[in-house]
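Single-structure report; data block below.
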Amino acid sequence: MNAQFRRSGMHAVALPESSSVFVVDADKMLILVRGLVLTLTPAEFRILAELIRHPGRVYSRQQLLTISSDELRDSSDRTVDSHIKNIRKKITERLPELDCLQSVYGVGYRFEMAT
């Protein structure tokens, strides 16, 4: 299954102790949670897709700002906080038992499946 995802440009992250999966389809700019589409803005998609691709890696606000923004916008690093808050809310609607977007005090954020 992972080979099929890789060939199609999709990435899957299995959740521990669960049959649920996050699926990222970069071509369609979709992220599925338990088979249901998360409704994300383009910036939210870019942030969450990057975090999912590298679970456990800590990203600074500046790194996430670079990932999320297009060259036409002037944004502050607090914009990232707003995007993360919105992404958390949308994930919590699907997976209320998980806290997968974690804040790293003084550094930034990471995607990690809490057990």
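Here, each number is a calculation from the coordinates, and none is a lab measurement. Owing to the predicted nature of the structure, the values given are computational and were not obtained by experimental measurement. For neighbour counting, all protein chains shown are included, and Cβ atoms are generated from backbone atoms with ideal geometry for every residue, glycine included.
Rounded to the nearest 0.05, what FRET efficiency do H54 and R34 give with R0 = 35 Å and r taken as the Cβ-Cβ distance? Could you check? Don't skip to the end; give the middle numbers.
On the way: r = 21 Å, r/R0 = 0.61.
So, using R0 = 35 Å, E works out to roughly 0.95.
Figure the gain on full extension for S76 and V104 (residue separation times 0.36 nm, minus the Cα-Cα span) and round it to one decimal in nm. Mind dumping the intermediate values first?
On the way: separation 28, 0.36 × 28 = 10.08 nm, distance 1.85 nm.
The S76-V104 span can extend by a further 8.2 nm.
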